[in-house]
Amino acid sequence: MPRNAIDTVHRVTERIRERSAPTRGAYLERTAAWGRREHSMDRLGCANIAHAVAGIPNNDKLRIVVERGPHIGIVTAYNDMLSAHAPLQSYPDLIKDEAHRQGATAQVAGGVPAMCDGVTQGTPAMDLSLFSRDTIAMATAVSLSHDVFDGALLLGVCDKIVPGLLIGALHFGHLPTVFVPAGPMPSGLSNSEKAHVREQAAQGLVGRDELLRAEMAAYHAPGTCTFYGTANSNQTLLEAMGLHVPGTAFVNPGEPLRRELTREAVRTVLGRSSGPGGPGGWRCPPISQVVDERAIVNAMVALLATGGSTNHLIHWVAVARSAGMAIDWQDFSDLSAVVPLLARVYPNGSADVNQFQAAGGPGYVIRELLDAGLMHEDVLTVRAGGIREYTRLPQGDAAQRLHWTDIGASADDHVLRPVAQPFSATGGLKVLSGNLGRSVIKVSAVPEDRHVIEAPARVFDSQAALLAAFHAGELDGDAVCVVRWQGPRANGMPELHKLTPPLAVLQGKGHRVALVTDGRMSGASGKVPAAIHVVPEALAGGPIARVRDGDLIRLDSVAGTLDVLVDADTWAAREVAQLPAQQAQDSSHGLGRELFAGFRRNALGAEEGACTWL
């Protein structure tokens, strides 16, 4: 690995450390003070304690109140609307059983909401999606605010749920905390076949019945969806940050190994893991110490090396802020220039996450990056063995006793490659800057002949307007489709994944097309060049609100630029468009959206994590 690449990783890390020194120092002081308090059974009043243990068995009351045994708080995102979260229903009983075996106790501290973006894509409910992250963070805080716990297990998997749980947990940074996932569903209809049927449906070549059959063959069982979108990117990032039991991310639900890994999460948070350090030989550190600038950079590098979801350029900014750190898109951009792309998983390739796991999974990627000096090895994790433990594969023997083995070489070099032979010398994401503002693009999913698009603008005020134009046959040529009023302050920054099939159809006809928007795209989107998360957003007076039909736009993901090719004086003098009053009214009411008016009003920009609590 070239020395300049390693130097860049360390330079970005040091830049984050220096930039964040005052806020990070204050955060650590606060969390340390909370951690130094006397035991909860000594500091709480008798009535407080009685309420906390009133609903549990007497032997658990004795263990908590008299023996001062370790007490674990479970925060769960279980619901059976989400296939990925349905397996979590049985986890609390399993966790409590293992806690008892370890001389500890556990309680469900609370539940957090968890919406499915797959259900809400293209509907008004998607306007709540991004803000559900901060709602989950607050629900996590409410759950842990009972303040009787010695550690926490966080049960969640999907898009906004893991970032929300993590943000909430970091505000209880004095607690040892381990994340517990549920794993992906078995492979069904391939992602590429599913995308093909969607494109056929967009052209009217197949009907609703055939489209529904394809969708139900793709999404068919409990577990996470099998494409490498935001949910599965979450799991890779948690492994790279050392917040899981090693190798937990992509073991399928229902497997005996999955149950034992869940038990191991209990042992891990108690410092009694099956790995190095042995039972009781080591104490799980508080999450405030695990999530530092090195862990954040490790997550960013893992995201780039696997071509993960663009949503994390918003979510991990918010995560870092919760731990007193400030990261920005320039940090991602600088790392992306030197981090090689090691994985090809849909939408960056044809493989799904089960094939990714079979080829070596996150452990292979982490090992390659550590060996190349592109990840920090001198980090704390929830395990005594450090981040190297996350380069090994968990297995169970006949009695389901856990052990970890070397992953070895990639089992499929069409899916995973070593640092010495990457799919690309640079990462999967890129930041674009120009007179249209700043945005991001998932360049790893875009064919190389589409990395530069120059075409006239077609401006739309909503996703529905673009879809209507497509179905009316009004889009039949080269075009950069500009969809504005989709930022956090306008309507909650929904994902615009429903635009992928029609734009892919236009591209398939040979047209030069691209999307430019201050909204988001699904973590599963790709293929069509999309400059997304444009900041400042239109409602904040961003230049995207100055674009007019026919303006020539150049999206250059090679040079990293996004510009309207209009004379500078004309551009500067052009009036900024205003959000149509009826559209503002429509996007702020119905399906509970009026309850989130304060979120829209207070939301920061996408590059600032779209945070609503600062």
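We did not get these values from a lab; they are worked out from the coordinates using the rules stated. A quick note: this is a predicted structure, and the numbers were derived from the prediction, not measured. Cβ placement follows ideal geometry from the backbone for every residue including glycine, while neighbour counts extend to all protein chains displayed.
Observations, loosely collected:
- Looking at the stretch 366-439, none of the GluC sites (Glu not before Pro) sits in a DSSP loop with at most 11 other Cβ atoms within 10 Å of its own Cβ.
- Beta bridge orientation in the chain: antiparallel %, DSSP, nearest 5: 45 percent
- Between residue 614 and residue 561, the modelled labels are 3.0 nm apart [label points 7 Å from Cα along Cα→Cβ].
- Efficiency of FRET from Cβ geometry, residue 449 and residue 3, R₀ 35 Å, rounded to 0.05: 0.60
- Evaluated over the chain, the count of Lys pairs having alpha-carbon atoms less than 23 Å apart is 17 (only pairs 8 or more residues apart or interchain).
- Taking trypsin sites (Lys or Arg not before Pro) across the stretch 1-91, the ones in a DSSP loop with at most 11 further Cβ atoms lying within 10 angstrom of their Cβ are 36, 37.
- Separation of alpha-carbon centers, the stretch 1-52 and the stretch 456-487, rounded to whole Å: 45 Å
- For the stretch 1-114, the square roots of the Cα gyration tensor eigenvalues, ordered a ≥ b ≥ c, give a/c of at least 1.5 with a/b no greater than b/c, which places it in the oblate category.
- With distances taken between every two different alpha-carbon atoms, the chain has a Kirkwood hydrodynamic radius of 24.7 Å.
- When all alpha carbon pairs of the stretch 147-246 are counted in 5 Å bins from zero, the resulting P(r) reads 2, 12, 18, 17, 13, 11, 9, 7, 5, 3, 2, 0 %.
- Point-to-point label distance, residue 255-residue 433, nm (Cα→Cβ direction, 7 Å offset): 4.4 nm
- Between residue 11 and residue 46, full extension at 0.36 nm per residue minus the direct alpha carbon distance yields a gain of 7.4 nm.
- Förster radius 51 Å - calculated FRET efficiency between residue 378 and residue 594, Cβ distance, rounded to 0.05: 0.55
- Net charge over other residues, Cβ less than 14 angstrom from the Cβ of residue 360 (K, R count +1; D, E count -1): -2
- Modelled FRET efficiency - R0 56 Å, residue 398 with residue 18, Cβ distances, 0.05 increments: 0.60
- Along its first, second and third principal axes, ordered by size, the stretch 327-448 spans 62, 33, 24 Å in Cα coordinates.
- Once the Cα-Cα distance is subtracted from the 0.36 nm per residue extended length, the residue 36 to residue 208 segment shows a gain of 55.9 nm.
- Modelled spin-label separation between residue 147 and residue 58, with each label point placed 7 Å from Cα along the Cα-to-Cβ direction: 3.1 nm.
- Counting 0.36 nm for each residue step from residue 586 to residue 474 and taking away their Cα separation leaves a gain of 37.8 nm.
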